[in-house]
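Taking it in order: structure first as structure tokens, then the write-up.
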Amino acid sequence: MNAKWIIGTALTVSLATLAIPAQAAESALDAKTTEIIKRDFRDKGIARADRVNQDELQSACSKYLDKLPAKLKTRLEAEQVQSIKWPADGKYMGDWKAGEKLAQSGRGMTWSDKAEDPAGGNCYNCHQLSAREIAFGTIGPSLLNFGKKRGYGEEMQRYAYGRIYNAKAYQACANMPRFGHMGILSEAQIKDLVALLLDPESPVNK
Amino acid sequence: MNTSNVKKLILLLALATSGAVVAAEGDVSDSDRIAQYREMISDGNPADFDEMRGEELWKTAGGPKLATLEKCDLGKGAGVVKGAYAELPRYFKDTNKVQDLESRLLTCMSTLQGSSAEAIAAQPFSTEKKPSDISSLATYVAGQSKGIKMAVSVKHPREKEAFEIGKRIFNYRAGPYDFACSTCHATSNVRIRMQDLPNFNIRKDAQAAYTSWPAYRVSQGLTRSFQWRLNDCFRQQRFPEPKFASEATIDLTMFLAVSANGAAFAGPGLKR
């Protein structure tokens with residue numbers, strides 16, 4: 001046993017004991033944050049106070065941001081894949097014109113929206129889609145020429161459907177909402193958006 | 001600035017934010033356009049009117065106790081307004097709380113003037129029909145820090161804790177869209193539609209964003225407080241409503257204000 005080894009071990013041990021109170025302080029802060037959030041929000045319009053309650057994925061992504069431990073990430077993504085409800089008729093394509101309207105609409109689910117107002121897709125808030133619409137956001141990647149670049153086949157249609165239904169099945173802490181999973185868009189609406197991305201006649205591919 | 005200039009400006013900006021001009025001008029972002037108009041009105045800002053209204057309220061006896069707010073301690077001693085906003089939020093011994101500007105104004109309005117905090121909090125923001133007193137007071141007090149460097153402290157353990165919790169609230173994902181502040185404000189050089197989004201993890205962005213509120217919003221024709229800004233972002237986040245001047249909003253403000261430390265306060269600002 002050499003001196004270096006002893007110092008090394010002593011250091012590891014003392015660091016480990018230091019790490020415990022630090023971790024405890026971190027989780028105390030996490031707990032206090034949740035307590036404050038649960039107390040300090042209230043119902044307004046359709047946005048009920050219980051919206052601040054997190055599911056496991058939301059909680060993990062808040063804590064680890066985009067650095068989820070690998071095992072947790074794999075498990076969460078597998079669970080999200082499991083929860084995708086694929087179209088019963090096995091068809092993924094709807095009407096791209098209806099899809100374009102949905103993509104344009106940024107409405108939905110805020111406390112200033114009415115329960116009867118249908119939610120839009122918010123797609124242009126974050127993505128470039130058709131070349132004609134220049135007021136697009138850039139939080140997500142450009143989807144211009146999506147079909148032309150990626151192919152129009154059934155595999156790609158299924159992928160697009162899955163992405164829109166539940167983006168977290170592909171990337172646990174993605175910034176994109178889970179439109180199908182959270183009941184924001186219906187199966188038919190998601191098909192219309194798939195068509196917007198993958199119909200050769202859609203402005204996305206023109 | 002005189003009223004005809006204000007009217008001209010409002011018209012210009014209303015036009016600029018309408019879809020027609022967006023299409024005609026190509027992909028000039030809203031912030032570029034705002035910068036152009038800001039230059040054109042460098043002699044003033046419609047928020048000046050709200051500042052004056054706030055000053056009047058500060059100096060006029062009111063509330064059941066018919067007192068002015070001139071003895072209000074905003075952290076730099078009773079009655080000191082100059083530079084106070086640049087050091088808020090901070091810990092206050094008398095309330096044993098970390099408070100932002102609006103929550104501190106609530107304290108003063110209830111202790112000095114005898115007004116009910118609940119009644120004031122019931123109309124925290126201005127509407128077209130009715131200006132909000134607490135919002136005007138906030139514009140006045142903030143304006144008295146113009147040009148002063150942001151120096152918000154986290155020395156007191158409670159201040160440090162508020163900052164830490166604020167940071168967690170910033171990253172707290174929930175609701176039907178899984179959004180957190182960080183969904184929209186933790187990446188550089190991104191925008192929603194044509195609205196550029198500050199990245200609060202980058203000091204320069206945080207400074208520019210934080211130091212420009214309260215601000216006159218041309219699209220609404222109203223001067224808006226920082227509490228309003230948070231409230232509207234929580235709306236866009238699809239969250240329920242944060243209670244006015246609640247601990248959650250104060251802690252979040254603490255995180256953002258500390259992120260802006262070192263920059264000269266530049267508000268009241270002007271926004272689309």
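Here are some notes:
- Any helices (runs of 4 or more DSSP H) falling wholly within region A:49-145 and containing at least 1 residues that are open to solvent by 60 Å² or more (accessible area, probe 1.4 Å) and touching a Gly at 6+ places or on another chain (Cβ under 9 Å): A:70-82, A:96-104
- B:Lys129 being over 13 Å from B:Ala47 (Cβ atoms) and not in a helix (DSSP H, G or I): yes
- The set of residues in region B:134-153 being open to solvent by less than 30 Å² (accessible area, probe 1.4 Å), among the β-branched types (Val, Ile, Thr) and assigned to a loop (DSSP other than H, G, I, E, B) consists of B:Val152 alone.
- Applying a threshold of 6 Å to beta carbon distances and a minimum spacing of six or more residues, or different chains, the list of pairs starting in region A:141-154 at a residue that is farther than 16 Å from A:Trp96 by Cα and ending at one that is in a helix (DSSP H, G or I) reads A:Arg150/A:Met156.
- Near pairs, Cβ below 7 angstrom, 6+ apart or cross-chain, from region A:44-65 (more than 8 Å from chain B (Cβ to nearest Cβ)) to any residue that is open to solvent by 50 Å² or more (accessible area, probe 1.4 Å): A:Gly45/A:Ser112; A:Ile46/A:Ala115
- Evaluation of B:Ala174 against (1) in contact with a Gly (Cβ under 8 Å, 6 or more places away or on another chain); (2) within 14 Å of chain A (Cβ to nearest Cβ) (one fails), failing number: (1)
- Some residue of region A:17-32 being under 25 Å from B:Arg235 (Cβ atoms), at pLDDT 95 or above and more than 8 Å from chain B (Cβ to nearest Cβ): no
Condition check ((1) in contact with a strand residue (DSSP E or B) (Cβ under 6 Å, 6 or more places away or on another chain); (2) modelled with pLDDT under 95; (3) loosely packed, with under 12 Cβ neighbours inside 10 Å) across all residues:
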| residue | (1), (2), (3) |
| --- | --- |
| B:Asp27 | no, yes, yes |
| B:Asp32 | no, yes, no |
| B:Ser42 | no, yes, yes |
| B:Pro46 | yes, yes, no |
| B:Glu55 | no, no, no |
| B:Lys65 | no, no, no |
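- Residue in region B:167-189 that is buried (at least 23 other Cβ atoms within 10 Å of the Cβ), within 20 Å of B:Ala142 (Cα to Cα) and at pLDDT 95 or above present: no
- Checked against (1) touching a helix residue (DSSP H, G or I) at 6+ places or on another chain (Cβ under 6 Å); (2) over 30 Å from A:Lys73 (Cα atoms); (3) among the small types (Gly, Ala, Ser), A:Ala131 passes all but a single condition, namely (1).
- Residues that are under 29 Å from B:Asp196 (Cα atoms) and among the aromatic types (Phe, Trp, Tyr), drawn from region A:132-160: A:Phe136, A:Phe146
- Flag if B:Thr253 is β-branched (Val, Ile, Thr) and modelled with pLDDT of 95 or more: yes
- Among the residues of this structure, B:Ala119 counts as one that is modelled with pLDDT under 95 and either surrounded by fewer than 22 Cβ atoms within 10 Å (Cβ to Cβ) or not small (Gly, Ala, Ser) (or both).
- Residue that is nearest to B:Lys149 (Cα to Cα) [pool: residues in region B:46-86 that are in contact with a helix residue (DSSP H, G or I) (Cβ under 6 Å, 6 or more places away or on another chain) and acidic (Asp, Glu)]: B:Glu51
- Where strands (runs of 3 or more DSSP E) sit wholly within region B:154-262, those with at least 1 residues that are among the polar types (S, T, N, Q) and closer than 23 Å to B:Leu101 by Cα occupy B:222-224.
- Top-ranked residue of region B:192-236 - restricted to ones that are farther than 26 Å from B:Ala151 by Cβ and of a type in the set (Lys, Arg), ranked as least open to solvent (accessible area, probe 1.4 Å): B:Arg217
Table: residues versus (1) in contact with an Asp or Glu (Cβ under 9 Å, 6 or more places away or on another chain); (2) away from chain A (no Cβ under 11 Å); (3) closer than 16 Å to B:Asn261 by Cβ.
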{"site": "B:Ala180", "(1), (2), (3)": "no, no, no"}
{"site": "B:Thr183", "(1), (2), (3)": "no, no, no"}
{"site": "B:Arg193", "(1), (2), (3)": "yes, no, no"}
{"site": "B:Lys204", "(1), (2), (3)": "no, yes, yes"}
{"site": "B:Arg217", "(1), (2), (3)": "no, yes, no"}
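- Flag for A:Leu57 being in contact with a helix residue (DSSP H, G or I) (Cβ under 8 Å, 6 or more places away or on another chain) and more than 30 Å from A:Ala195 (Cβ to Cβ): no
The values are calculated or read from the model by the stated rules, or taken from the named source; none is laboratory data. Only a predicted model underlies this, so the values are computations on that prediction, with no experimental measurement involved. With ideal geometry, Cβ positions are generated from the backbone for all residues, glycine too; neighbour counts draw on all protein chains shown. Note: accessible area is taken over every heavy atom of the protein model, side chains too, but ligands, DNA and RNA are not part of it. Shrake-Rupley method; radii C 1.70, N 1.55, O 1.52, S 1.80 Å.
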